[in-house]
Amino acid sequence: MALIVQKYGGSSVGTIDRIRNVARRLLDTAREGNSVVGVVSAMQGVTDRLIKLAHEVTPAPSERELDVLLSTGEQQSIALLCMAIQDMGGKAVSITGAQAGIRTFGSHTRGRIGSIHPGFMLSRLAEGNILICAGFQGITEEGLIHTLGRGGSDLSAIALAAALKADVCQIYTDVDGVYTCDPRIVRDAAKIPSLSYDEMLEMASSGSKVMQARSVEFAKKFHVAFEVRNSMNNNPGTIVQEEIPAMEAVAVRGISIERGQARVTVSGITAPVAYTAKILNALAEAEINIDMIVANTAHDGIARQSFTMHVNDLGHAQAALKPLMAEFGPNARLETEAGLAKLSVVGIGMRSHSGVAATVFQTMADEGIPVGMISTSEIKITLTVDERDVERAASAVHAAFHLNAIKP
Ligand code: ADP
Ligand code: ASP
Ligand code: MG
């Protein structure tokens, strides 16, 4: 008998028919003789709707109250799913984040999991119940509700699989697995049979939101292998696991896209101040996450510095940096550009295969797509392009690396 954790995302529980479909799948897994823990998201669209409601009440809702509000989405779906299982003759109990013993710390709306105390869950499992746990939520030592960041039910599932020492962890969604690129953007994207935690992490954190990036980090740290599968069929999915040597045979595993990017450039810097530290400190104080950073100093000693960030942060970044400009010299200027997207090419095989960057840039040149900023890690190359060009760029790079040739 195995302990199986199955996570079902918002689209998989988006309607009552789909909730019944999930109930049937969980029940079938239990009837095969397994202990079953379901982790579910809010019904599709519910979290967005709740956020919109909060912003209709006030432009700056309190994060504490947002957490109280948003966590109700998952509580609706766990109760409905338990009712569906019970209606089919099964035994199921709903479990909130607090009942699951998920202790969090950090800030509201982006709580971090500190520990899990699974006693209550284990005793309900021992009574022969299917457990239906609310994803995306936990509770602080002081008893305050936290949510775990958008897409956080993935993290709940991986963390519960680790705490319960599950034999199997399956993430069910609305596509057959992790593809070489978002299959809604590149039509001939291929399902990847298996990939390493690092590749999944780089893809997730550069826009492939099929998995929440933090959940993959957690899986890597606690060695939780998992499989991404489709809740509407029984096709084999994508296994995400420790790196195995054969994985390096392929240079490029996948391509990610992230829209809604903006660039800020401070140019004409002549004053001999520690400008990089000043700029970064000002942005950190304003709680702005920056991503790519490019700095250069010309022969004449005039420096410029650019960074990318989400377009929603652009206004705050300008406000944080304007007061500094006078310190950077009389000709220092602040320029901004919105309407950008990031394109990332990911694969652990890049460590041992040369020429990946050359192929990417040759493809951009052949397509006549101008490239803005560039950054690289050991297993990823990221570049910015105009948002209007990004789908064409992704399709062209996908074809250049023959990614559609990978057999599912
Ligand atoms: P869930 O509600 O199940 O959590 P998500 O919407 O968070 O589902 O994730 C599934 C979606 O992720 C897919 O519908 C797909 O459009 C998108 N996606 C983005 N990149 C990829 C990728 N590389 N492979 C598969 N799906 C991807
Ligand atoms: N319901 C939450 C969200 O929409 C968590 C999740 O779906 O994983 O972000
Ligand atoms: Mg998701």
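The values are calculated or read from the model by the stated rules, or taken from the named source; none is laboratory data. Just so we're clear, the structure is a prediction, and the values are computed from it rather than from any experiment. Please note: Cβ atoms are built from the backbone with ideal geometry, for glycine as well, and neighbour counts cover all protein chains shown.
Of everything in region 146-164 that's part of a loop (DSSP other than H, G, I, E, B) and in contact with a Leu (Cβ under 7 Å, 6 or more places away or on another chain), which residue is farthest from ligand 1 (Cβ to nearest atom)? Please lay out each step first, then the result.
Let us first name the residues in region 146-164 that are part of a loop (DSSP other than H, G, I, E, B), namely 148-152, 164.
Next, only the ones that are in contact with a Leu (Cβ under 7 Å, 6 or more places away or on another chain) stay: 148, 164.
Working: L148: 13, L164: 21 Å.
Going through the qualifying residues, I end up with L164.
Return the residue satisfying two criteria in turn: it lies in region 165-197 and is outside any loop (DSSP other than H, G, I, E, B), of a type outside the set (S, T, Y) and surrounded by fewer than 24 Cβ atoms within 10 Å (Cβ to Cβ), and of such residues it is farthest from ligand 3 (Cβ to nearest atom). Quick ask: steps written out before the conclusion?
First, the residues of region 165-197 that are outside any loop (DSSP other than H, G, I, E, B): 168-173, 179, 191, 194-197.
With the extra rule that they be of a type outside the set (S, T, Y), the set shrinks to 168-171, 191, 195.
After this cut, where a residue has to be surrounded by fewer than 24 Cβ atoms within 10 Å (Cβ to Cβ) as well, the list is 168, 170, 191.
Details: V168: 19, Q170: 14, K191: 17 Å.
Among them, the one singled out is V168.
Considering only residues that are within 16 Å of ligand 2 (Cβ to nearest atom) and among the charged types (D, E, K, R), look in region 101-150 and name the one that is modelled with the lowest pLDDT.
It comes out as R110.
For region 72-136, which fully contained strands (runs of 3 or more DSSP E) count at least 3 residues that are within 23 Å of the chain's Cα centre (by Cα)? Reasoning before the result, please.
Values: elements: 92-95, 102-105, 112-116, 130-134.
Because the criterion is at least 3 residues that are within 23 Å of the chain's Cα centre (by Cα), the strands (runs of 3 or more DSSP E) in region 72-136 that meet it are 102-105, 112-116, 130-134.
How many residues does region 360-376 hold that are touching a strand residue (DSSP E or B) at 6+ places or on another chain (Cβ under 9 Å) and surrounded by 13 or more Cβ atoms within 10 Å (Cβ to Cβ)?
10
Could you run through region 198-246 and say how many residues are in contact with a His (Cβ under 9 Å, 6 or more places away or on another chain) and either hydrophobic (A, V, I, L, M, F, W, C) or assigned to a helix (DSSP H, G or I) (or both)?
Within region 198-246, residues that are in contact with a His (Cβ under 9 Å, 6 or more places away or on another chain) and either hydrophobic (A, V, I, L, M, F, W, C) or assigned to a helix (DSSP H, G or I) (or both) number 0.
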